[in-house]
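J.: Here it is, the structure in full.
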Amino acid sequence: MRRVFSEVLGIHIEVPDDPKIISLAPSITDTLYRIGAWDNVVGVSLFCNIPKEAKEKPRVGAYLKVSYKRIDELEPDLILTTTGVQRKLTFELKDNGYNVYPIPLPTSIYGIIDNIVLTGYVVGRVDKALKVAKNYLNKLLNIEEPINKSVYYEICFEEPYTIGRYSYIATSLDYIGLKNIFNEVESSYFKPSFNDVAERNPEIIIYEMKPGLSKSYNEVIEMFEDRGWESVNALRSNNVFILKPDTLAHYGPTHIDNLIKLYSQIIARQ
């Protein structure tokens with residue numbers, strides 16, 4: 001039995017050496033797979049679809065609500081959550097007597113790597129986690145040629161949202177040389193003014209679809225043109241990139257793989 005301290009909860013958590021784990025956050029599920037703790041995972045949330053093997057694990061609820069009956073059936077030693085909007089669920093689980101540890105929501109690409117190590121520390125896989133983190137650092141260091149263009153990023157929730165300065169997505173794009181046109185906005189996500197986007201005239205547009213949504217390239221371009229963006233540099237130079245759901249919005253280790261793939265696609269089109 002090990003005792004690990006949670007900065008969020010302000011208490012020590014007792015974790016067996018080979019714990020049965022429920023992961024309620026897609027990023028954590030992704031990390032557990034990477035650091036060799038996959039056999040310890042006995043349950044996940046409905047939104048945990050990375051890796052593809054996650055579909056074979058029992059589902060215990062959604063992102064903000066769980067089935068306590070299902071959790072009790074699986075008898076976990078540890079439930080892993082994240083902070084942000086899952087904070088309320090974290091304290092609900094704690095108050096109901098469950099052994100829960102929240103992994104902090106990253107505010108930068110560097111936080112994604114740090115969370116690999118933290119998760120490994122919590123579940124007893126720190127040596128493997130350090131190797132995985134080092135591997136991702138090396139992948140990022142191999143990016144030697146920054147793109148050096150302005151970018152507008154949009155993700156479709158119920159309405160279009162973009163990113164401000166305080167988003168791990170903004171720091172990831174900055175790392176590969178893409179300067180967010182709304183970088184002065186001190187926020188993570190916000191609803192943009194379409195006129196503001198046109199006036200800022202980004203050289204690249206990245207559009208990430210929400211889960212369950214599928215749009216063709218032409219449909220996205222038509223949507224942008226309907227907003228009056230025909231003269232925006234990104235459209236004129238064919239620099240619009242459409243991402244599948246959970247590409248950059250996902251903040252597990254796969255986020256970095258997706259970022260590097262996007263970087264290669266952008267470079268190839270220049």
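The values are calculated or read from the model by the stated rules, or taken from the named source; none is laboratory data. Computed from a predicted structure; not experimentally measured. As a convention, Cβ positions derive from the backbone with ideal geometry for all residues, glycine included, and neighbour counts pool all protein chains shown.
J.: Kindly indicate whether any position in segment 122-135 is outside the structural domain of residue 198 (by TED's automatic domain parsing), part of a helix (DSSP H, G or I) and within 17 Å of residue 7 (Cα to Cα).
T.: Yes - at least one qualifying residue is present in segment 122-135.
J.: Could you list, in sequence order, all residues of segment 223-262 that are within 20 Å of residue 111 (Cα to Cα) and of a type in the set (Phe, Trp, Tyr)?
T.: 251
J.: So which of 199, 219 is assigned to a helix (DSSP H, G or I), of a type outside the set (A, V, I, L, M, F, W, C) and within 30 Å of residue 48 (Cβ to Cβ)?
T.: Every option except 219 fails the conditions.
J.: Quick check on segment 245-270: of everything there that is in a helix (DSSP H, G or I) and of a type in the set (S, T, N, Q), which residue is nearest to residue 136 (Cα to Cα)?
T.: So the residue we want is 254.
J.: Can you work out which of the residues in segment 165-207 that are surrounded by fewer than 17 Cβ atoms within 10 Å (Cβ to Cβ) and hydrophobic (A, V, I, L, M, F, W, C) is nearest to residue 141 (Cα to Cα)?
T.: Only one residue tops the list, namely 190.
J.: Tell me, please, whether a residue that is closer than 25 Å to residue 29 by Cα, surrounded by fewer than 18 Cβ atoms within 10 Å (Cβ to Cβ), among the basic types (Lys, Arg) and free of Cβ contacts under 8 Å to residues at least 24 places away in the same chain can be found in segment 208-220.
T.: No, segment 208-220 contains no residue that is closer than 25 Å to residue 29 by Cα, surrounded by fewer than 18 Cβ atoms within 10 Å (Cβ to Cβ), among the basic types (Lys, Arg) and free of Cβ contacts under 8 Å to residues at least 24 places away in the same chain.
J.: Here are some residues: 236, 227. Which one is farther than 17 Å from residue 155 by Cα and without any contact (Cβ under 8 Å) to a residue 60 or more places away in the chain?
T.: 236
J.: Among residues belonging to segment 1-28 that are small (Gly, Ala, Ser) and buried (at least 21 other Cβ atoms within 10 Å of the Cβ), point out the one that is nearest to residue 84 (Cα to Cα).
T.: Out of the qualifying residues, it is 25.
J.: Okay, next question. If residue 253 passes every condition in (1) surrounded by 14 or more Cβ atoms within 10 Å (Cβ to Cβ); (2) in contact with a Pro (Cβ under 9 Å, 6 or more places away or on another chain) but one, which one does it miss?
T.: (2)
J.: Report, by residue number, each residue of segment 151-164 that is surrounded by fewer than 18 Cβ atoms within 10 Å (Cβ to Cβ) and touching a Leu at 6+ places or on another chain (Cβ under 9 Å).
T.: Scanning segment 151-164 gives a single hit, 156.
J.: Of the conditions (1) closer than 23 Å to residue 164 by Cβ; (2) surrounded by fewer than 19 Cβ atoms within 10 Å (Cβ to Cβ); (3) in contact (Cβ under 8 Å) with a residue 40 or more places away in the chain, residue 114 clears all except one; give me its number.
T.: In the conditions (1) closer than 23 Å to residue 164 by Cβ; (2) surrounded by fewer than 19 Cβ atoms within 10 Å (Cβ to Cβ); (3) in contact (Cβ under 8 Å) with a residue 40 or more places away in the chain, residue 114 misses (3) alone.
Here is a yes/no grid of residues against (1) in a strand (DSSP E or B); (2) modelled with pLDDT under 95; (3) crowded, with 17+ Cβ neighbours inside 10 Å:
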position	(1), (2), (3)
30	no, no, yes
42	yes, no, yes
47	no, yes, yes
50	no, no, yes
72	no, no, no
